[in-house]
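What follows is a single structure, written as structure tokens, with notes after it.
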Amino acid sequence: MVCKKCKSVLAEDALYCEKCGKPVKRKPAAKKAEAPLAPEALWPLTTAQCVGILLAFCVPLLNLILMVIWAYAPQGNENRRSLARAGLILCGAVLVLAIMGLSAFLILVNTGAITLTGVV
Ligand SMILES: [Zn+2]
């Protein structure tokens, strides 16, 4: 900080110039702004909201529709978006595993490796 009158260097907390005596004008301390509230899209999901979302994911067909909407809607809660995307990934993984398992079963039946005698 420098004195505006005599240009001598002042201590940061000086109230007046020690050389010429000119009082130091201080800018009023910047009023600390309250931390702005995070936008609603970033609010954490409450436990009740998570329960509701997970219950909705248990309803066939509705779950896929909701997952796609929540995962790819341009706006909406970020945490719900992550949950929906995780749900879609898990659905995809389960679908792939089911197709692989069914395919393996059908191959084994068709090649005669296993028989369904007594079952059907
Ligand atoms: Zn001065």
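Only the coordinates and a few stated rules stand behind these numbers; no lab work does. Note that this is a predicted model, so its numbers are computed, not measured. Note that each Cβ is placed from the backbone with ideal geometry, even for glycine, and that neighbours are counted across all protein chains shown.
Considering helices alone, the calculated mean residue ellipticity of the chain at 222 nm is -15000 deg cm²/dmol, with DSSP H runs of length four and up weighted by -39500 (n - 2.57) and normalised per residue.
Fully extending the segment from LEU54 to VAL94 would add 12.7 nm, taking 0.36 nm per residue of separation and subtracting the current Cα-Cα distance. In this simple spin-label approximation, ALA113 and VAL68 carry label points 7 Å from Cα along the Cα→Cβ vector, and these lie 3.5 nm apart. Its Cα centre serving as origin, the chain has a Cβ charge dipole (Lys and Arg +1, Asp and Glu -1) of approximately 1300 debye.
Entry note, the chain: relative contact order of 13 percent, from Cα contacts under 8 Å with a spacing of 6+ residues.
Close Lys pairs in the chain, defined as Cα atoms under 15 Å apart and 8 or more places apart or on different chains, number 10.
Kindly give the semi-axes, whole Å and largest first, of the ellipsoid equivalent to the chain, taking each as the square root of 5 times a Cα gyration tensor eigenvalue. Walk me through the numbers on the way to the answer.
On the way: eigenvalues 1054, 65, 20 Å².
Semi-axis lengths for the chain are 73, 18, 10 Å.
With unit charges on the beta carbon (Lys/Arg positive, Asp/Glu negative), name the residue among GLY76, LEU62, TYR16 whose Cα is farthest towards the positive pole of the charge dipole of the range 16-106. Sorting the options by dipole projection puts first TYR16.
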